[in-house]
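Derivation of every value follows stated rules applied to the coordinates shown; laboratory data play no part. Please read these numbers as outputs of a predicted model, since none were measured by experiment. Because the Cβ atoms are built from the backbone with ideal geometry, glycine has one as well, and the counts that use them run over all protein chains shown.
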């Protein structure tokens, strides 16, 4: 029972590079979200999705793109990485609204 | 090691004490609340939840209290153990447009043997 799987676990990027953080869930959850976690800031919502083909912006969407072509996958794209995007990124999924969210183990991203 | 939470408020207790962690939430439209525990280097783990039509819910060694009048949530941990040491977050489900879950800043709990 894999739950929410994030890859990679660690990544170092140079400023201006692009990359995609992968997130997959095997629980058939409709809701998926991306958060970033910085020291002293808790978890901040970047983008979220309420089903395949439906996404919306969270609290800190700038610099990130998402799409949701399948129920299982919700990739997060950084088009041109900046040092301010150095953070730990968590993907989460929920079965429906008003239920708990299950989190992946996180991706630690460093932009130099 | 994990550097998240360098500036978080910290609650220090002795093993066996009861712990109370507080959270002020932001939106009166929030209708569902969750407490999460996060250990170093791991993702948040669900502890307990409560819906807005309740003011108290109990689990195993944990109790969540909700005061909608002052938009306050608390987590009580009975007989705190060293394994409870972690960062604790409250999260509120914003019921505006698409439902989304937003998190508070967090509190670090340190339990001394």
Say a paramagnetic label sat at a point 7 Å from the Cα of residue A:82, along Cα to Cβ; which residues of region A:38-74 have their backbone N under 19 Å from it?
A:38-39, A:41, A:44-47, A:57-66
At 7 Å along Cα-to-Cβ for each site, give me the label-to-label distance between residue B:72 and residue B:112 in nm.
2.7 nm
Can you list the equivalent-ellipsoid semi-axes of region A:46-99, largest first and in whole Å, using the square root of 5 times each Cα gyration tensor eigenvalue?
21, 12, 10
Using only the Cα atoms, work out Rg/Rh for region B:14-78, with Rh taken as the Kirkwood radius, to two decimals.
0.98
In what order do B:57, A:68, A:36 fall by count of nearby beta-carbon atoms within 10 Å, going from fewest to most?
B:57, A:68, A:36
Most exposed to least, judged by fewest other Cβ atoms within 10 Å, A:9, A:14, B:100 sort to A:14, A:9, B:100
On average, how many beta carbons from a partner chain sit within 10 Å of the beta carbon of a residue in B:83-89?
1
Ranked B:74, A:80, criterion: other C-beta atoms within 10 Å, fewest first:
A:80, B:74
